[in-house]
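Peer 1: Once you've had a glance at the structure underneath, I'll fire off some questions.
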Amino acid sequence: MLNTQPNLADPFAMLIAPEQVMNAVERSDRLARLQRRVYRPLDRPWIPMKGSAADFDTAIDAEPEVPDLSDDAL
């Protein structure tokens, strides 16, 4: 006999029978008891940006290059 009811614990059940999965989620007592919190991104960064990207690029370009001392370079 072929079982037409999908197992809701199956990770592919949402693809096979999305209506049944959503109905099970809505009826779930455990999910209803979860605490809900909404987290929103901050309007400004915690670490203030100093200078510009051009200043950073200039500082990096001014640093001396470190020679490659790997075995391939010898």
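Since every read-out is calculated from the coordinates, none of them should be taken as a lab result. Keep in mind that this is a model prediction, so the values were computed, not measured. Here the Cβ positions follow ideal geometry from the backbone for every residue, glycine too, while neighbour counts run over all protein chains shown.
Peer 1: Using mean Cβ contacts within 10 Å as the protection proxy, how do 11-22, 56-67 order, highest first?
Peer 2: Ranked by mean Cβ neighbours within 10 Å, highest first: 11-22, 56-67.
Peer 1: Continuing with this model, one more query. Between ARG36 and SER70, what is the spin-label point distance in nm, taking each point 7 Å from the Cα along the Cα→C-beta axis?
Peer 2: 5.2 nm
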